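K.L.:
One structure follows; several queries about it will come next.
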Amino acid sequence: MNEPEIIRIAIKEIELMNWGTTRQFLEVHDVVRQDGKPIADRIDLDGNNSVATVYFRVRDEKFYLAICLETKPDIVITGIYVEPYVSVSLVAHSINTCFDQLQNMTTLIPTGGWKKGESKTTGGTILHMYNFIRFEPNTGPDAFEDKLSGLLDLLETDLNGVCALVEKAGAYIQVLIEFHQGTAMLGGPRICKRTMGRLAAFDLGIDFDLYTAGKSYE
């Protein structure tokens, strides 16, 4: 698999804008660049390495420009779309249970959170009114289904600890999805029966927050 060549062809498309989709998107947004050259954030390969997706961060936005390519027999672009920002995490919050107690309920390593009484990141004198803990193993560009499956893979390494968080601190899965405002058909998350069974093993609920952002097409 020639990853450098795949990325080179994807970058060339952004520079030349041969596809109408690319031109339309770059009329209202731009990707993150270094010295004027687009920077690929991530390349995703399918199981048999015949299809690849190259993701580019969009400047001042959370969503991504995604370029899909076939890699066999030749590397050719097959599609371009805007990948929404997707965050899938296990969260728990409590007024009475302190952050350290929440953390000690599980062997999992938190990726974020705060303690009651700490100043909010916005600054000033506003303080957090409760303890909060977050576990988010995948923060990069990826589909909702893959992120949810990866989170459950992590949670299943400490079934008892996660169940304790659910029972004692009301832990649940928080999903944030931010679509490009110019997307006419947003679509939505899908949960298969097997995944529902995995969620049920923890007695886990899911909270969805869906947003649109960015600039509409001209």
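K.L.:
Given a 1.4 angstrom probe, I'd like the percentage of the accessible area of the range 17-106 that is carbon and sulfur, rounded to a whole number.
P.N.:
Exposed carbon and sulfur together represent 43 percent of the surface.
K.L.:
Within the range 88-187, which trypsin sites (Lys or Arg not before Pro) sit in a loop by DSSP and count at most 12 neighbouring Cβ atoms inside 10 Å?
P.N.:
Lys120
K.L.:
In the range 114-214, which chymotrypsin sites (Phe, Trp or Tyr not before Pro) fall in coil by DSSP and have 16 or fewer other Cβ atoms within 10 Å?
P.N.:
Tyr130
K.L.:
Given Lys115/Lys168; Lys62/Lys116; Lys72/Lys193, which pairs have Cα atoms separated by over 25 Å?
P.N.:
Flagged as over cut-off: Lys62/Lys116; Lys72/Lys193.
K.L.:
Report for the range 89-218 the percent antiparallel among DSSP-assigned beta bridges with both residues inside it, nearest 5.
P.N.:
Around 60 percent antiparallel, to the nearest 5.
K.L.:
Could I ask something else about it? Using a 1.4 angstrom probe, figure out how much accessible area the chain has per residue, in square angstrom, rounded to the nearest whole.
P.N.:
54 Å²
K.L.:
Using +1 on the beta carbon of Lys and Arg, -1 on that of Asp and Glu, and nothing else charged, what's the dipole of the range 5-159 about the Cα centre, debye to 20?
P.N.:
In debye, rounded to 20, the range 5-159 gives about 560.
K.L.:
Roughly what % antiparallel, to the nearest 5, for the DSSP beta bridges in the chain?
P.N.:
Taking every DSSP beta bridge with both residues in the chain, the antiparallel ones total about 85 percent.
K.L.:
Let a ≥ b ≥ c be the square roots of the eigenvalues of the Cα gyration tensor of the range 80-164; is it rounded (a/c under 1.5), or, if not, prolate (a/b larger than b/c) or oblate?
P.N.:
Because a/c hits 1.5 or more and a/b fails to exceed b/c, the range 80-164 counts as oblate.
K.L.:
Rounded, prolate or oblate for the range 99-218? Axes are the square roots of the Cα gyration tensor eigenvalues, ordered a ≥ b ≥ c, and the cut-off for rounded is a/c under 1.5.
P.N.:
Because a/c hits 1.5 or more and a/b fails to exceed b/c, the range 99-218 counts as oblate.
K.L.:
With N set to the residue count of the range 6-91, report its C-alpha Rg divided by 2.2 N^0.38 Å to two decimal places.
P.N.:
The reported ratio for this selection is 1.11.
The values are calculated or read from the model by the stated rules, or taken from the named source; none is laboratory data. Nothing here was measured: the structure is a model prediction, and the numbers come from that model. Positions of Cβ are backbone-derived with ideal geometry, glycine not excepted, and every protein chain shown enters the neighbour counts. What goes into the accessible areas is simple: the full protein's heavy atoms, side chains included, and nothing from ligands, DNA or RNA. Shrake-Rupley method; radii C 1.70, N 1.55, O 1.52, S 1.80 Å.
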